[in-house]
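Participant: I have a structure I would like to understand better, so I am pasting it below and will then ask my questions one at a time.
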Amino acid sequence: LIVQGLVYLQYFNYSMQIFRIPSQFHAFCKESGKSSSIGFVPTMGALHEGHLALVKKAKSENTIVVVSIFVNPLQFNNPEDLKKYPRTESEDLAMLEAEGVNAVLIPDPALVYEAPTALSFDFGNLERVMEGAFRSGHFNGVAVIVSKLFHWASPDRVYFGQKDLQQVRIVETLIRDLSFPFQLVCCPTFREESGLAMSSRNRRLSETGKIKAASIYKSLLDAKKRLQDGLPIAEVKKLVSLELEKNGDFKVEYFEITDYETLQPLQTLHSSSKVALCIAAFLEEVRLIDNILIEF
Ligand code: AMP
């Protein structure tokens, strides 16, 4: 009986809590936050090693880790993309439990958007480029959902991936402008051995597609080398699209060479430039994004 009791206690103490009702998740986080620091990792599920790297980082810096899984309709400009977004809830939960995550919020959409959102966000020039320019309303949707999630999780630190660099800048701006009382921790992009940035959307690629998709990262590395060799920005941009599109597999939506902080396109480079190379390209009708950072 004692052993059974201990096993139960251990299970009771360490099992991951799953919440579907945001107010209950909020109550859990508020109570836990009294004696623990909370690291929060928002996701859209279909989890992979990249997400788990964020969870591991959060675990190393906080007493407890909470994760949200929510495919947020408000940030999808393309209904087909929303419909086809992979959903793998039971695998996701098993992965999070194995990482020792304390609580997961998988909110009922009707409780997230109890009424249509009247508020809308405008991040100025930061959202006039790249993802914001090509996915109308995307960052408004991101800002609305992360604001709600931040209130519910009331974290000490929030964890985002450099894979979505523009999202990092947008959320940093949101945190600053609305005085959320915590910092964003930006984690490096986790890649397959081939160099392909891990992404939930990679699941929609065929096996050959996955091999071809590694060319995106390669094109970023080639561009970096050319810039370091002194090739002008305009030339480097032209070559990236030309080379990726030459076999007819890829359609490049944008490739930008931008200032690392403002994400505004650069015309020339200086000796102290901090630069982000950012790309979005379609392969097998799947939209893939990636970026790398360079310092001169
Ligand atoms: P998502 O589920 O795609 O919304 O991603 C949730 C979080 O995981 C975001 O902060 C992403 O930037 C981050 N993330 C996605 N893929 C990767 C990756 N390959 N490496 C690091 N972070 C990632």
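The values are calculated or read from the model by the stated rules, or taken from the named source; none is laboratory data. For clarity, every value in this text was computed on a predicted model and none was experimentally measured. Methodologically, a virtual Cβ is constructed for each residue, glycine included, from the backbone with ideal geometry; neighbour enumeration extends over all protein chains shown. Note: areas computed on protein heavy atoms with side chains; ligands, DNA, RNA excluded. Shrake-Rupley method; radii C 1.70, N 1.55, O 1.52, S 1.80 Å.
Participant: How many of the residues making up segment 167-224 are open to solvent by 30 Å² or more (accessible area, probe 1.4 Å), away from the ligand (no atom under 16 Å from the Cβ), part of a helix (DSSP H, G or I) and under 23 Å from HIS51 (Cβ atoms)?
Facilitator: Going through segment 167-224 one residue at a time, the tally reaches 2.
Results for (1) polar (S, T, N, Q); (2) more than 20 Å from PRO188 (Cβ to Cβ), shown as yes or no for each residue.
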{"site": "TYR217", "(1), (2)": "no, no"}
{"site": "GLU253", "(1), (2)": "no, yes"}
{"site": "THR268", "(1), (2)": "yes, yes"}
{"site": "VAL286", "(1), (2)": "no, yes"}
{"site": "GLU295", "(1), (2)": "no, no"}
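Participant: Then there is this: In segment 33-48, how many are of a type outside the set (Val, Ile, Thr) and closer than 16 Å to SER68 by Cα?
Facilitator: Here the count works out to 8.
Participant: Output the residues belonging to segment 128-147 that are away from the ligand (no atom under 15 Å from the Cβ) and among the basic types (Lys, Arg).
Facilitator: Within segment 128-147, just ARG128 meets the criteria.
Participant: Tell me the helices (runs of 4 or more DSSP H) entirely within segment 96-165 that contain at least 1 residues that are surrounded by fewer than 19 Cβ atoms within 10 Å (Cβ to Cβ), out of contact with any strand residue (DSSP E or B) (no Cβ under 8 Å at 6 or more places or on another chain) and hydroxyl-bearing (Ser, Thr, Tyr).
Facilitator: The helices (runs of 4 or more DSSP H) meeting that bar are 138-153.
Participant: Okay, next question. In segment 235-296, which strands (runs of 3 or more DSSP E) lie fully inside it and hold 1 or more residues that are out of contact with any strand residue (DSSP E or B) (no Cβ under 8 Å at 6 or more places or on another chain) and surrounded by fewer than 20 Cβ atoms within 10 Å (Cβ to Cβ)?
Facilitator: Those strands (runs of 3 or more DSSP E) span 286-295.
Participant: Tally time: how many residues in segment 225-234 are open to solvent by 40 Å² or more (accessible area, probe 1.4 Å) and touching a helix residue (DSSP H, G or I) at 6+ places or on another chain (Cβ under 7 Å)?
Facilitator: Residues meeting the conditions: 1.
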